[in-house]
1. From a point 7 Å beyond the Cα of B:ASN81 in the direction of its Cβ, which residues of the stretch B:2-17 have a backbone N at a distance under 11 Å?
2. Mind checking the stretch A:1-110 for chymotrypsin sites (Phe, Trp or Tyr not before Pro) that DSSP puts in a loop (not H, G, I, E or B) and that have at most 14 other Cβ atoms within 10 Å?
3. With unit charges on the beta carbons (Lys and Arg positive, Asp and Glu negative) and the dipole taken about the Cα centre of the stretch A:42-144, which residue among A:ILE117, A:PHE65, A:LEU87 sits farthest to the positive side?
4. Mind telling me which of B:ALA46, B:ALA61, B:ALA157 comes out most flexible in a GNM of chain B, alpha-carbon contacts under 10 Å?
5. Just tell me the longest site-free run in chain B, where the sites are chymotrypsin sites (Phe, Trp or Tyr not before Pro) in a DSSP loop having at most 14 other beta-carbon atoms within 10 Å.
6. If a/c stays under 1.5 just call it rounded; otherwise compare a/b with b/c (prolate if a/b is bigger, oblate if not). Do that for the stretch A:1-116, with a ≥ b ≥ c from the square roots of the Cα gyration tensor eigenvalues.
7. Which of the three applies to chain B, rounded, prolate or oblate, going by the alpha-carbon gyration tensor with a ≥ b ≥ c and a/c under 1.5 meaning rounded?
8. Could you work out the helix-only [θ] at 222 nm for chain B, with each DSSP H run of four or more residues adding -39,500 (n - 2.57) and the total divided by the number of residues, to the nearest 500 deg cm²/dmol?
Amino acid sequence: MSNPLKKLVNLLTPPQPLSWQTLISLSLFSWAFALFASTVSDSDRMIAPRLINNFAFVFFIVGFFWFQQEKRWHILGIKLQPILVGLLISIWLFKDYSNSFELIIRHWPIIAGLVVIIPALFKQFKFSIPSPEQRPQLIMVLCLYLLIACWVNFYFLLQQWLFRDAQDNKYLTANLSSSLFVVRLLPPTLENLNEKIILNALENFIQNRIKNESWETVEFLIKNIENIELQFRQSPVYKFLQNEIEESSWTVEIEIVKLTEVTGYEMILSLIWKGAEEYRVEKRCQVKPSNDISDRSAKLSAEFTCANIQMIKGKRRNR
Amino acid sequence: MITSIVPLKAILFQTLFLLVAIAVESSFLYEFLKYPRKTSLDYAIAMNLFATSISWMLFFALLPLIHESIQTELMDFIFLNQLSNPFQILITFLILVVFMSGLSLKFLMFIILQKLEKLSLEPTTDLYEKSKPIFKKKLKPKIKNRVIIWGHSCSHAIILLILAIVTWNQ
């Protein structure tokens with residue numbers, strides 16, 4: 001047996017049946033099982049692996065909480081327990097959503113605050129009011145986490161405002177040094193903001209085109225995607241972008257990949273930059289029929305969702 | 001979509017203002033209400049943090065109700081520090097609203113803290129209460145309210161002064 005593995009086994013050997021080591025080992029065991037279950041059944045719609053996975057998460061969170069209860073980690077006198085446990089719970093709750101990163105970060109401080117408050121209200125698994133000296137401190141901690149949550153929320157609100165629509169993207173490239181609220185940590189060129197703006201404008205354009213159309217119309221539009229490309233090139237937004245982003249040596253392309261009946265189409269919005277070195281940036285979007293079971297009389301409409309931007313340097317793919 | 005445009009200045013300013021307000025208000029509580037040092041500091045911290053976080057939440061809740069043109073004005077102000085003329089009057093009005101709502105939130109927290117101090121699950125014997133000397137009158141609640149108002153006004157005056165100095169050249 002190799003040395004680090006031996007150490008790990010030593011660390012995780014429970015001193016008594018009821019201890020955090022048991023829970024952590026249980027979670028590792030469950031994860032191994034979930035992995036095994038997901039390899040056996042290739043469909044990711046299977047409920048068993050997901051269920052086991054969730055159990056593993058719960059075991060791990062409780063085990064980690066317990067471990068931190070016995071051996072607290074500190075940085076500059078700040079207890080790391082609620083922060084780390086809050087992050088774990090937040091990941092566990094929101095990992096399956098499409099915009100999971102944002103949801104996890106948004107809910108992290110609030111959950112961390114609850115991790116402080118809830119154990120303080122119980123003594124030996126019985127509800128009890130904390131001591132009078134503790135009470136104002138608990139309120140202080142809760143309010144502090146609430147304030148941090150508000151700051152995080154404010155950050156995401158600003159991001160929404162920045163990308164609200166194509167014409168109003170002036171803030172993204174503007175000089176923000178006179179602002180009393182925000183700072184730009186990276187220069188716009190490092191962030192590839194131009195790519196984001198253009199592809200975002202294209203996404204909005206398609207979204208507006210598809211919105212309120214029946215699924216048949218949407219399919220028809222997709223089959224004649226060159227028309228949409230053309231319309232976009234003639235749109236005021238595109239003219240605005242051409243003027244605004246002066247290195248006007250770029251074009252947009254839309255590529256369609258047909259998937260199954262359920263998953264609909266995949267749309268690859270790509271931006272080709274013909275500078276000193278040619279490169280391509282892609283955004284993958286899904287167009288699928290929205291299965292609104294609530295009213296069958298209504299026409300089947302389309303659902304349009306996009307993933308984040310991917311950078312593909314250099315090569316141009318064959319079309 | 002995420003950029004590196006972060007409200008860092010807002011966070012730093014708010015932290016500074018919170019520190020100023022806590023320092024001023026805790027000294028008011030200590031000086032005029034004769035609370036112990038630690039209690040007055042605890043109270044000031046809890047009241048200020050509560051007022052700021054609830055004000056933020058009210059802002060987030062009310063934002064969708066605001067008319068779109070005013071929202072764009074707000075965006076101009078936040079990102080570019082540009083204020084159109086009618087908006088300047090609105091800002092003065094808003095400062096008043098923030099002042100009043102902050103004050104009422106602080107009163108609310110003060111009441112909660114005082115209630116929490118006495119709270120207990122066990123039935124209390126009134127022996128201790130009765131054994132208190134009669135002549136040592138309790139401070140009237142009116143005086144407490146007045147001290148909170150003084151502290152709040154004083155801290156906000158200092159914050160306004162700091163803001164005026166910061167924006168002097170712009």
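Values in this text are rule-based calculations from the coordinates and carry no lab data. What you see is a predicted model, and the numbers here were worked out from it, not measured in a lab. Cβ placement follows ideal geometry from the backbone for every residue including glycine, while neighbour counts extend to all protein chains displayed.
1. none
2. Working: sites: A:TRP20, A:PHE29, A:TRP31, A:PHE33, A:PHE36, A:PHE55, A:PHE57, A:PHE59, A:PHE60, A:PHE64, A:PHE65, A:TRP66, A:PHE67, A:TRP73, A:TRP92, A:PHE94, A:TYR97, A:PHE101; in loops: A:TRP73, A:TYR97.
Of the chymotrypsin sites (Phe, Trp or Tyr not before Pro), the ones in loops of the stretch A:1-110 whose Cβ has at most 14 other Cβ atoms within 10 Å are A:TRP73, A:TYR97.
3. A:ILE117
4. Looking only at B:ALA46, B:ALA61, B:ALA157, the largest GNM fluctuation is found for B:ALA61.
5. Values: sites that count: B:PHE135, B:TRP168.
Excluding the exposed sites themselves, the longest stretch runs over B:1-134.
6. Working: a/c = 2.21, a/b = 1.06, b/c = 2.08.
It is oblate, given that a/c is not under 1.5 and a/b is not larger than b/c.
7. Values: a/c = 2.64, a/b = 2.19, b/c = 1.21.
In terms of gyration-tensor shape, prolate.
8. On the way: 6 runs with 129 residues, N = 170.
Rounded to the nearest 500, it is -26500 deg cm²/dmol.
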